[in-house]
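Below is one structure, written out as structure tokens, with a few remarks after it.
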Amino acid sequence: MLYQIYETQRSLMEPFADFAQAAAKVFSNKLSPMGQNPLSQRVSAGYDLIYRLGKDYEKPVFGIQTVDVDGVAVAIHERIEINKSFCELRRFKRFSDDPATLAKLKDQPAVLIVAPLSGHYATLLRDTVRTMLKDHKVYITDWRNARIVPMSEGEFHLDDYVNYVQEFIRHLQGQYGNCHVMSVCQPTVPVLAAVSLMASRGELTPLSMTMMGGPIDARKSPTAVNNLAMNKSHSWFENNVIYRVPSSFPGVGRRVYPGFLQHTGFVAMNPDHHAKSHYDYFEDLLKGDETSAETHRKFYDEYNAVLDMDADYYLETIATVFQDFKLVNGTWDVKGVDGRIERVRPQDIKTTALFTVEGELDDISGSGQTRAAHDLCSGIPSNQQKHLEAQGAGHYGIFSGSRWRKVVYPEVKSFILAHALKPNEAVVMPVADAVAASKAAPVTESVPQLAPVAKPRAPAKKAAATVKAAVKAMPTPVKAAPSKSAAPTKAAKKDCPVSG
């Protein structure tokens, strides 16, 4: 019933928010009669603040159009690589017609960024993605708002989250031979579970895992968030924060933890800070400081945009991570897509390097909670493990802002590069598969999608003849495309941007 009441109140407030927005513009317009009033700037600022407090915040967009790679502007095309019921795997494909930049992009490692499903959208990691794109092929998990997922799509459990991550890792491995995984906050736990299960089965595991500010062991230095989850019973959460989606959304009837309740909790953690921030915004409008005002708008456009989480996933996360501590106690069993129940054993991971990052001032995941992953992953050699505590950084500072870009990212970049596939370690695609792939490749790719050719083995003449026949069989557009070592023609430069 609370969800319906909230939606009714929001619908009633919408016209007033629109009126406040219009009034703010009228009073700020110097050509308007109302804008001539000595108090017009103050009135306009007041209406603008009312609009910001009363408006509905939709899902933001990543909006990354280009990134700078060593002085060259590289175009970014955002697209959905895998479309699941509760998540989209998004790829930020990079395009350039500069030969030197192209060669650099082609050899850079692929990274799967697993965004948190804990209230905010994946766009909260926009700065993370933009920075990573300079040196990596970047994919990210973009979780869907549960209220727009119809009941016909079924439920979503913590086990499903783990299975999604495994599927996405395998997808990147199929594309590039292997990949790196980065998890921020909440997903550090399911990502560690996913890689552990793959290791236990003898599957190929990612080259490295970078875990940032996550509750691997929430018993260490518990924060206010941890205490709430640990001190309330499972039934309390089910009875007090779980509601059904009202009829105005596609997911009508689905049990969820509503986004508006989560947002209330976020604000309640630091009410004084948010009150001061809004007052400063009002002051900036009075002073005409549009730069500071726009910074405020961008932050709260992101911060106030929240999503509903499926009830099963949320309640299972509370129990598994914050109450029963199943990961650190070695009692976590996960149900796979095939119905098999498997025990999560981080000690089985042996070939994936581990890098953990914590913020000195993190008030979401306390000190030592992420670092605990090193004790669990005892099978990883010590020289393949690293930890960083970012001095002066809070929770958001380890993945966004100046400390992320200047302190944390250089360490992340260096760690991934140190454990990247070397050129001679790349997986070689059979010639027949390479030809098939080249036929299916779009004409806009100016370099054929062939795997690196391995060093010829005996008999060398036979291998060379096979490759020569395969190249001859390629369709004309691919045959005409230059190799990495050859300079592209003017026509290729003009019409065929190349991606990485």
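Derivation of every value follows stated rules applied to the coordinates shown; laboratory data play no part. Keep in mind it's a predicted model, so treat the numbers as computed, not measured. Glycine also receives a Cβ, built like all others from the backbone with ideal geometry; neighbour counts cover every protein chain displayed.
How much FRET efficiency would the formula 1/(1 + (r/R0)^6) give for residue 276 and residue 88, where r is the Cβ-Cβ distance and R0 is 41 Å, rounded to 0.05? E(calc), rounded to 0.05, equals 0.70.
Tell me the GluC sites (Glu not before Pro) within region 315-406 that lie in a loop according to DSSP and have at most 16 other beta-carbon atoms within 10 Å.
Sparse-neighbourhood loop GluC sites (Glu not before Pro): 360.
Rounded, prolate or oblate: which one fits region 346-402, using the alpha carbon gyration tensor with axes a ≥ b ≥ c (rounded when a/c is under 1.5, else prolate when a/b beats b/c, else oblate)? Prolate is the answer for region 346-402, as a/c is 1.5 or above and a/b outweighs b/c. Each of 285, 361 was scored by other Cβ atoms within 10 Å of its Cβ. Arranged with the fewest first, they read 361, 285.
Over 22 Å apart at the Cα level, from the set 134/413; 93/386; 335/413, are 93/386; 335/413. Dipole size of region 332-394 about its Cα centre, with +1 on Lys/Arg Cβ and -1 on Asp/Glu Cβ: approximately 380 debye, rounded to the nearest 20. Among the listed pairs 30/55; 220/350; 30/298; 59/406; 298/422, those with a Cα-Cα distance over 32 Å are 298/422. Counting charges near residue 57 (Lys, Arg +1; Asp, Glu -1) among other residues having Cβ under 13 Å from its Cβ returns a value of +1. Here each label is just a point 7 Å from Cα along the line to Cβ, and for residue 78 and residue 59 those points are 1.1 nm apart. With a cut-off of 11 Å between beta carbons, the residues surrounding residue 252 carry a summed charge of +3, where Lys and Arg count +1 and Asp and Glu -1. Taking a label point 7 Å from the Cα of residue 238 along the Cα→Cβ vector, which residues of region 305-349 have an amide N closer than 17 Å to it? 310-324, by backbone N distance to the label point. Calculated FRET efficiency, residue 343 to residue 42, Cβ-Cβ distance, R0 = 60 Å: about 0.40 to the nearest 0.05. Using 0.36 nm per residue and subtracting the Cα-Cα separation, the extra length available between residue 414 and residue 10 on full extension is 140.7 nm. Compactness check for region 165-217: Cα Rg over 2.2 N^0.38 Å is 1.08. Take the Cα of residue 151, step 7 Å toward its Cβ, do the same at residue 227, and the gap between the two points is 4.0 nm. Between residue 201 and residue 1, the simple spin-label model (points 7 angstrom out along Cα→Cβ) gives 4.7 nm. For region 208-289, rounded, prolate or oblate, judged on the Cα gyration tensor with a ≥ b ≥ c (square roots of eigenvalues), a/c < 1.5 rounded, else prolate if a/b > b/c? Because a/c hits 1.5 or more and a/b fails to exceed b/c, region 208-289 counts as oblate.
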